[in-house]
Amino acid sequence: MTAAFSNIRPAPDKVLVEIADYVSDYLVTSKEALDTARYCLMDTLGCGFEALSYPACTKLLGPIVSGTIVPNGSKVPGTQFQLDPVQAAFNIGAMIRWLDFNDTWLAAEWGHPSDNLGGILAIADFLSRNRKDDQPLITMRDVLIAMIKAHEIQGVLALENSFNRVGLDHVVLVKIASTAVVTGLLGGSKDDIINAVSNAWVDGQSLRTYRHSPNTGSRKSWAAGDATSRAVRLALMTMKGEMGYPTALTATTWGFYDVFFKGQPFKFQRPYGSYVMENVLFKIAFPAEFHAQTAVECAFHLHPEVADKIDTLQKIDQIERIVLTTHESAIRIIDKQGPLNNPADRDHCLQYMTAVGLLKGSLTAADYEDTVAADPRIDALRDKMVCIENPEYTKDYLDPEKRSIANAVQLFFKDGTHSEQVAVEYPIGHRRRRAEGIPELVRKFKTNLARRFPERQQKMIIDVCTDEAKLSAMPVDEFVDLFVI
């Protein structure tokens with residue numbers, strides 16, 4: 001006779017408790033983290049404003065039912081939409097991720113922690129607009145702190161745990177991080193945060209199907225918006241009293257570990273603090289999947305040397321091979337041969353991005369569109385490319401003290417000559433290049449503001465965003481109102 005399972009409700013999983021303790025109790029004191037969060041806010045919104053130039057993005061924005069208006073709802077920056085916070089989170093999240101130009105975190109799992117801003121800003125704006133006189137102000141400092149904590153939860157979980165190796169998309173970590181910090185912003189207790197996050201783990205998780213050949217497609221541009229909006233929904237349900245599931249991760253047979261993670265518990269390299277925001281990677285000079293960022297920098301460096309040797313198909317035919325020396329993760333994710341079917345396919349192809357960089361000495365979001373991809377020289381160059389792993393690059397990529405993303409590029413010609421081998425270990429958006437990168441990030445933000453707002457409005461926005469004290473003290477609804485068209 002089989003023994004009956006115990007129906008005694010156990011204590012919550014340690015992972016859930018540690019997330020709740022961190023969101024509720026951790027005091028952010030790192031000036032570097034707060035400064036970086038401010039620049040991250042600027043850059044993330046700017047990426048969204050550039051995406052508003054693309055109909056493939058804007059067709060998904062607005063209310064679910066056309067014409068719906070939510071009085072005192074959350075506003076979507078750069079638009080005239082005012083929506084319920086769940087749909088606003090989707091809108092903001094889809095905008096900022098659409099062009100693959102916002103920040104990045106690379107570890108055993110990768111992802112884009114600023115994706116969480118969709119849920120954070122939507123719920124903070126909603127709370128700010130609906131604040132009663134006896135309630136405390138919701139300020140932009142609250143948003144910056146929530147960003148730091150969301151970055152940390154997503155990034156620390158990613159350090160030692162590879163979700164992609166079991167077929168899950170990294171947006172699962174957006175859902176977890178957003179759920180935790182949004183529940184905190186809503187005034188949730190530790191128990192509330194545990195309940196909400198347990199529901200996020202129990203949720204069905206996105207497969208990586210839409211990121212990989214032969215199915216690569218535009219869902220990868222709105223998947224994070226979907227995740228952060230789902231987080232807002234789960235947080236709001238929890239605050240209405242919806243129950244949680246204490247062993248969502250560890251339950252035998254039915255828990256996340258057994259169902260999705262081959263029975264293995266999560267591993268942790270460090271406690272939660274402000275490490276991830278301090279070390280986050282910005283995409284500053286061009287939009288490219290981050291494992292390719294340094295390869296594209298190499299291509300830019302080589303462009304003056306090789307431009308007149310690759311400007312025709314006949315000259316490209318004189319190339320014997322182009323060697324891309326890289327790290328294991330880049331080979332696993334973005335080493336692609338054969339046809340590329342759409343912009344989402346191209347911006348995740350190491351060879352395509354490098355080829356454009358060699359040909360043009362530049363790379364923009366427009367270079368992933370069909371009109372540019374029709375240039376036969378791009379595929380001719382791709383056909384000459386060979387990807388080789390350098391084990392030292394892979395080692396340094398995983399080293400927490402380095403976190404490099406190294407690539408090297410070299411061209412070999414049939415006449416026996418070759419180009420210089422150009423290697424770049426750290427991209428311009430890396431923490432080690434902050435002094436060089438931040439002025440360029442601010443320029444990128446100004447360029448993206450100019451795409452959407454008149455000059456006077458641009459100046460007002462810049463004045464606030466570049467004044468730490470003014471930004472931190474500003475109520476969230478007043479900040480968001482700066483971005484209304």
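Against the definition (in contact with a Ser or Thr (Cβ under 6 Å, 6 or more places away or on another chain) and either open to solvent by 30 Å² or more (accessible area, probe 1.4 Å) or in contact (Cβ under 8 Å) with a residue 40 or more places away in the chain (or both)), how does Ile148 come out, yes or no? Show your work before the answer.
Working: in contact with a Ser or Thr (Cβ under 6 Å, 6 or more places away or on another chain): yes; either open to solvent by 30 Å² or more (accessible area, probe 1.4 Å) or in contact (Cβ under 8 Å) with a residue 40 or more places away in the chain (or both): yes.
Yes.
Of all residues in region 77-100 being under 16 Å from Asn448 (Cα atoms) and of a type in the set (Val, Ile, Thr), which is farthest from the chain's Cα centre (by Cα)?
Among those residues, the one meeting the criterion is Thr79.
Among the residues of region 438-462 satisfying the criterion of being touching a residue at least 12 places away in the same chain (Cβ under 8 Å) and of a type in the set (D, E, K, R), which is surrounded by the most Cβ atoms within 10 Å (Cβ to Cβ)?
Looking at residues that are touching a residue at least 12 places away in the same chain (Cβ under 8 Å) and of a type in the set (D, E, K, R), I get Lys444.
Suppose the filter is in contact (Cβ under 8 Å) with a residue 40 or more places away in the chain and either in contact with a His (Cβ under 9 Å, 6 or more places away or on another chain) or part of a loop (DSSP other than H, G, I, E, B) (or both); does Leu363 pass it?
Working: in contact (Cβ under 8 Å) with a residue 40 or more places away in the chain: yes; either in contact with a His (Cβ under 9 Å, 6 or more places away or on another chain) or part of a loop (DSSP other than H, G, I, E, B) (or both): yes.
Against the criterion (in contact (Cβ under 8 Å) with a residue 40 or more places away in the chain and either in contact with a His (Cβ under 9 Å, 6 or more places away or on another chain) or part of a loop (DSSP other than H, G, I, E, B) (or both)), Leu363 qualifies.
Each row is one residue, and each column tells you yes or no for (1) farther than 20 Å from Ser114 by Cβ; (2) among the aromatic types (Phe, Trp, Tyr); (3) surrounded by fewer than 24 Cβ atoms within 10 Å (Cβ to Cβ).
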| position | (1), (2), (3) |
| --- | --- |
| Arg38 | no, no, yes |
| Gly48 | no, no, no |
| Ala51 | no, no, no |
| Leu60 | no, no, yes |
| Ile64 | yes, no, yes |
| Phe90 | no, yes, no |
| Gly93 | no, no, no |
| Arg97 | no, no, no |
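Starting from region 69-92, take each residue that is in contact (Cβ under 8 Å) with a residue 40 or more places away in the chain and part of a loop (DSSP other than H, G, I, E, B) and list its partners that are open to solvent by 20 Å² or more (accessible area, probe 1.4 Å) and not hydrophobic (A, V, I, L, M, F, W, C), counting only C-beta distances under 6 angstrom and pairs at least six apart or across chains.
These pairs meet every condition: Asn72/Arg129; Asn72/Asn130; Gly73/Gln82; Gly73/Asp84; Gly78/Arg452.
Name the helices (runs of 4 or more DSSP H) wholly within region 287-335 that hold at least 2 residues that are more than 17 Å from Asp383 (Cβ to Cβ)?
Fully inside region 287-335 and qualifying: 293-306, 328-334.
How many residues does region 107-144 hold that are open to solvent by less than 10 Å² (accessible area, probe 1.4 Å) and more than 23 Å from Leu27 (Cβ to Cβ)?
Of the residues in region 107-144, 7 are open to solvent by less than 10 Å² (accessible area, probe 1.4 Å) and more than 23 Å from Leu27 (Cβ to Cβ).
Across region 417-437, what is the total count of residues that are open to solvent by less than 60 Å² (accessible area, probe 1.4 Å), in a loop (DSSP other than H, G, I, E, B) and not hydrophobic (A, V, I, L, M, F, W, C)?
5
The values are calculated or read from the model by the stated rules, or taken from the named source; none is laboratory data. What you are looking at is a predicted structure, and each value in this text was computed from that prediction instead of being measured. Note: ideal-geometry Cβ built from the backbone for every residue, glycine included; neighbour counts use all protein chains shown. Areas reflect the complete protein model, heavy atoms only, side chains present, ligands, DNA and RNA absent. Shrake-Rupley method; radii C 1.70, N 1.55, O 1.52, S 1.80 Å.
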